[in-house]
Amino acid sequence: MRRTSGWIGWALCLCASLTVSAQEHPEDDEIILDLIREDGAQPETRAEPAAEFLRCNKAAWQMPGQYLVILHQGTHESHVPRTIRRLRAKAARRGYLLEVLQTYSGALHGFLVKMSSDVLHLAVKLPHVHYIEEDSSIFAQSAPWNLQRLLQPHGGASENGTYWPPNDGGKAEVYLMDGSVQSSHREVEGRVLITDFNNVPEEDGVRVHRQASQCESHGTHMAGVVSGSDSGVARGAGVNLVRVLNCQGKGTVSGALAGMEYIRAAVLARPVDAVVVLLPFIGGFSRSLNAACRDMVANGAVVIAAAGNYRDDACLYSPASEPEVITVGAVNSADQLMSQGAGGTNFGRCVDLFAPGDDIVSASSDCSTCFTSRSGTSQAAAHAAGIAAVILSSNQNMSPVQVLQIMLHYSISNTINFLSLSDTHRLITPNLVAAMPPDNSTDGELLCRSVWSERSGVTATDRAISGCRVGEQMMSCHSFTPDGVHMGETITVTSGQMECVAHNGPGSKGVYAVARCCVIGGLQCQVHASPEPGQDAKCVGPQHHLTGCTSWSTAEIRSDSHPHHGDQKKCVVGDGVTSHAVCCHAPSLECHLLENISSDKDQVEVSCPSGWTLTDCSAVSQGSVVLGPVARGNSCRVRSATGADGAAGIAVCCRVRPPEQPASAPH
């Protein structure tokens with residue numbers, strides 16, 4: 001609390017007489033009228049100095065117009081109603097009304113009164129009044145479920161449940177492309193810069209109520225989730241509003257493109273090491289919007305987009321469909337897909353991960369201290385933007401794809417129930433829920449992710465293509481069909497970038513290409529093909545490690561190619577099979593094979609141990625049709641067709657050896 005001395009020693013002003021009647025003040029009784037006459041006839045005096053006036057030291061939490069009037073300790077409780085009557089009389093004589101909301105007769109004797117601040121100079125002069133304290137807001141100090149969920153997996157929450165991330169994200173700038181923001185709200189005051197950019201369409205309809213609270217509702221909530229003082233993920237991050245949505249939450253692709261050009265120019269004019277661009281909106285597929293996002297990432301910005309709330313494939317929408325964007329779906333407090341009536345979170349291979357997006361409490365534009373709960377993939381994207389700001393604040397030299405890989409690496413896997421999705425979407429949607437990386441997270445670890453293509457057509461000559469983002473290296477390539485019928489996969493190199501190409505087979509219902517994309521400092525990968533069909537593909541030079549094998553055959557059901565480590569690091573193939581060996585080098589990189597063979601089970605799994613990263617997942621069919629292999633996180637899963645004789649799963653596990661450790665094999 002701080003003392004406001006301006007109230008102390010005030011002289012009572014001489015006021016003209018006021019005619020008071022019971023009709024004008026029906027709540028005044030005869031006692032009040034007597035006190036008014038007494039007040040006018042003989043001014044009241046206090047033996048002690050005027051009472052203190054106290055106010056909350058947090059300006060945003062103050063509640064002007066509502067005051068606690070506290071009497072001296074030891075004062076008889078009968079003085080409480082007497083003081084109320086005196087104050088009511090003095091206020092009424094000067095034309096003010098007041099409302100007593102609560103009386104106290106326990107540890108403190110006094111009352112809570114709602115009145116004009118102009119009456120305060122009367123109240124501090126009343127007998128027996130010790131001090132007057134302006135009422136103020138208080139807040140629960142356990143973090144909301146969404147913030148607790150971000151921290152729990154890696155031990156970031158303190159014992160009393162408060163939110164305590166590794167840093168406050170203060171070294172990152174977040175550009176929020178949204179509607180208006182109530183920048184005076186206590187959650188975001190001093191954190192939000194309203195830029196001079198404004199490109200929005202006219203509101204629909206003849207009668208549009210453009211109240212500030214409605215225009216600012218979505219943007220204010222978003223800003224609060226990103227950097228709010230109590231509800232924010234990155235509470236030190238600066239938020240720059242670029243207005244592209246109108247009061248109805250509607251914008252245009254052209255307006256969004258102009259907004260992104262504005263951000264690009266602003267960053268070039270005032271370079272910032274760590275930039276996050278948050279796109280909490282969705283539109284139909286737009287090549288132009290996706291291209292603008294891709295350019296933004298190429299210039300070093302981490303671009304994060306909402307997956308959409310249509311319970312649909314996110315690849316049908318922009319900017320969610322752009323591969324260089326981090327696309328975020330929404331889950332609820334039970335880590336299940338967010339549902340909104342007939343709608344709900346979008347899903348599919350274009351979603352990178354999920355984040356809290358249901359019943360999220362943040363700043364409300366109804367007033368400068370109000371909060372509200374909202375749901376949607378916009379809220380989920382705002383959580384991811386906050387996490388990105390924290391990651392970048394720990395290392396501002398990280399590239400956008402490194403930020404993505406760290407987010408995926410520390411996400412919680414396999415907690416979402418995908419039974420509501422189709423078999424196809426269940427297969428290709430990542431089962432990952434965002435979590436805050438711990439303080440000791442390092443950029444010296446090999447990080448990998450699986451990138452699925454869209455499904456190919458059904459003719460025998462159809463293909464599917466998958467690739468890695470700029471800054472990633474492809475360490476392996478595989479194809480997958482639910483029915484096991486495909487010709488295999490090959491790797492092509494275009495403009496220095498590898499592409500994983502999956503070939504459909506006769507009678508197949510389509511094939512997927514799955515690239516294993518990895519990042520680590522100094523990582524370089526190259527491809528060596530079989531000299532002839534039926535001949536093994538080999539790595540050249542001792543400094544390169546075999547990290548993956550492909551196989552392709554003209555046979556209707558292909559023969560497998562699998563890695564072999566030893567004196568010669570090679571991809572072992574059968575007759576008529578062509579293979580590509582992916583050979584990678586990085587300082588202190590080491591790779592080893594792990595194998596799991598089962599002759600009586602239709603599914604086998606082999607996992608890389610802690611500290612090692614899965615770079616390749618291969619299968620040896622033992623004469624049966626193999627439905628796989630599939631890399632999930634750090635595990636390789638292989639499934640044989642029903643009634644088959646079993647299969648073997650082979651995993652290539654790699655790591656960057658810590659300087660203090662000798663070379664070793666995973667076990």
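The values are calculated or read from the model by the stated rules, or taken from the named source; none is laboratory data. None of the values given here were measured: they were computed from a predicted structure. When we count neighbours, we look across all protein chains shown, and the Cβ atoms used for this are built from the backbone with ideal geometry, even at glycine. Surface areas here come from the heavy atoms of the whole protein model, side chains and all, with no ligands, DNA or RNA. Shrake-Rupley method; radii C 1.70, N 1.55, O 1.52, S 1.80 Å.
Suppose every Lys and Arg Cβ carries +1 and every Asp and Glu Cβ carries -1, with no other charges. What dipole size does the range 295-439 come out with about its Cα centre, to the nearest 20 debye?
Magnitude of the dipole: close to 100 debye.
Quantify, in whole percent, the carbon and sulfur part of the accessible surface of the range 348-416 (1.4 Å probe; protein heavy atoms only).
C and S fraction of accessible area: 38 percent.
How many angstrom separate the Cα center of the range 284-340 from the Cα center of the range 391-428?
Spelled out, the Cα-based centre of one part sits 13 Å from the other.
Calculate the length of the line joining the C-alpha centroid of the range 472-549 to that of the range 348-381, in whole Å.
Computed from Cα coordinates, the inter-centre distance equals 39 Å.
Going from most exposed to least, what order do 354, 371 have by accessible area with a 1.4 Å probe?
Per-residue accessible area, sorted high to low, gives 371, 354.
Express as a percent, rounded to the nearest 5, the fraction of DSSP beta bridges in the range 326-431 (both residues included) that run antiparallel.
65 percent
At 1.4 Å probe size, with no ligands or nucleic acids counted, give the accessible surface of residue 72 in Å², nearest ten.
60 Å²
Taking a probe of 1.4 Å, how large is the accessible area per residue of the range 192-300, in Å²?
That works out to 45 Å² for each residue.
How many Å² of accessible area per residue for the range 57-133, probe 1.4 Å?
On a per-residue basis, the range 57-133 sits at 47 Å².
Listed highest first by mean packing, meaning other Cβ atoms within 10 Å per residue, what order do 221-227, 491-497 come in?
The packing order, highest mean first, is 221-227, 491-497.
Using per-residue counts of other Cβ atoms within 10 Å, averaged over each peptide, order 102-108, 251-257 from highest down.
Listed from highest to lowest mean packing, they are 251-257, 102-108.
Could you sort 465, 387 by accessible area so the largest value comes first, with the probe set to 1.4 Å?
So, going from the largest accessible area down, we get 465, 387.
Output ³J(HN,Hα) for the range 301-307: one whole-Hz value per residue in order, computed from phi by the Karplus curve 6.51 cos²θ - 1.76 cosθ + 1.60 with θ = phi - 60°, and x for Gly and Pro.
Running phi through 6.51 cos²θ - 1.76 cosθ + 1.60 with θ = phi - 60° gives 7, 8, 9, 10, 10, 6, 6 Hz.
Rounded if a/c is under 1.5, else prolate if a/b is larger than b/c, else oblate: which is the range 438-487, with a ≥ b ≥ c the root eigenvalues of its Cα gyration tensor?
It comes out prolate by the Cα gyration axes.
Expressed as a rounded percentage, what relative contact order does the range 425-499 have, with Cα pairs under 8 Å and six or more residues apart?
Value for the range 425-499: 19 percent.
Mind checking which lysines have their Cα closer than 21 Å to the Cα of residue 570? Skip sequence neighbours fewer than 8 apart in that chain.
Partners found: 538.
Too long at a 29 Å Cα-Cα cut-off: which of 58/250; 58/125; 58/114?
The pairs that break the limit, which is 29 Å between Cα atoms, are 58/250.
What are the ³J(HN,Hα) couplings of the range 360-373, residue after residue, when phi is run through the Karplus curve with 6.51, -1.76, 1.60 and θ = phi - 60°? Round to Hz, x for glycine and proline.
Rounded to whole hertz, the list is 9, 8, 7, 4, 10, 7, 5, 7, 6, 10, 7, 10, 8, 10.
From the square roots a ≥ b ≥ c of the eigenvalues of the alpha-carbon gyration tensor of the range 338-447, which class results: rounded (a/c under 1.5), prolate (a/b over b/c), or oblate?
Because a/c hits 1.5 or more and a/b fails to exceed b/c, the range 338-447 counts as oblate.
For residue 175, which sequence-distant residues (separation of 5 or more, or a different chain) have an amide H within less than 5 Å of its own amide H, given hydrogens modelled in the peptide plane?
240, 276, 277, 278
Kindly identify the range 214-274 as rounded, prolate or oblate by the Cα gyration tensor criterion: order the square roots of the eigenvalues as a ≥ b ≥ c, call it rounded if a/c is under 1.5, otherwise compare a/b with b/c, prolate if a/b is larger, else oblate.
oblate
Roughly to the nearest percent, how much of the accessible area of the range 207-321 is carbon and sulfur, given a 1.4 Å probe?
Summing carbon and sulfur atoms, their accessible area is 50 percent of the total for the range 207-321.
About its Cα centre, what dipole magnitude does the range 232-311 give when the only charges are +1 on Lys and Arg Cβ and -1 on Asp and Glu Cβ, stated in debye to the nearest 20?
200 debye
Could you tell me the relative contact order of the range 360-503? Use alpha-carbon pairs under 8 Å, at least six residues apart, and round to a whole percent.
Reported as a whole number, the value is 15 percent.
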